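Structure first, commentary second.
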Amino acid sequence: QVQFVESGGGLVQPGGSLRLSCAASGSIFSIYAMGWYRQAPGKERELVAHITSGGLTNYADSVKGRFTISRDNAKNTLYLQMNSLKPEDTAVYHCNASGTYSYGGRIHDFNTWGQGTQVTVSS
């Protein structure tokens with residue numbers, strides 16, 4: 001009933017920039033926290049950045065000062081602006097969100113992941 005679709009990934013040279021988007025669809029009633037996670041080959045999924053419904057943010061130490069997370073509550077969309085990209089930022093980036101949706105006349109909780117978008121930083 002609730003889906004998130006990421007876009008904006010691709011191949012970029014070191015020092016370059018990308019902007020990821022994560023758009024929600026479905027009968028969403030409210031969205032609480034949202035976050036971006038990434039998983040590189042052979043590594044565990046890690047938190048990149050997190051934003052609350054009120055706009056409070058936190059970042060992994062490895063991306064502080066380079067990445068900016070934001071959200072458009074009217075569009076139920078999450079963004080990640082990535083600047084000064086490094087080869088070690090190469091990974092599949094997933095968005096995650098929790099909230100509530102309406103279905104069958106009732107409100108239900110959700111915690112949903114997007115399918116991921118590949119970011120490759122290489123010269």
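The values are calculated or read from the model by the stated rules, or taken from the named source; none is laboratory data. The shown structure was predicted, so the numbers you read here are calculated from the model rather than taken from an experiment. Every residue, glycine as well, gets a Cβ built from its backbone with ideal geometry; the counts of neighbours run over all protein chains shown. When the accessible area is computed, the model is the full protein with side chains, heavy atoms only, and any ligands, DNA or RNA have been set aside. Shrake-Rupley method; radii C 1.70, N 1.55, O 1.52, S 1.80 Å.
Tabulated values for the structure
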| read-out | value |
| --- | --- |
| GNM result for the chain, Cα springs below 10 Å: residue of S17, S70, S62 fluctuating most strongly | S62 |
| For the chain, share of DSSP beta bridges that run antiparallel, in % to the nearest 5 | 95 percent |
| Whole-number accessible area per residue in Å² for segment 1-106, which is evaluated in the context of all protein chains at 1.4 Å | 52 Å² |
| Magnitude of the charge dipole, segment 61-123, Cβ model with Lys/Arg +1 and Asp/Glu -1, debye to 20 | 140 debye |
| Set of lysines near K43 by C-alpha distance (under 24 Å), chain-local residues within fewer than 8 positions excluded | K64, K86 |
| Euclidean distance of C-alpha centroids, segment 1-48 and segment 55-82, integer Å | 10 Å |
| Heavy-atom SASA rank of Y93, Y32, Y59 (probe 1.4 Å, accessible area, largest first) | Y32, Y59, Y93 |
| With every protein chain in place, the chain: carbon and sulfur % of accessible area (1.4 Å) | 47 percent |
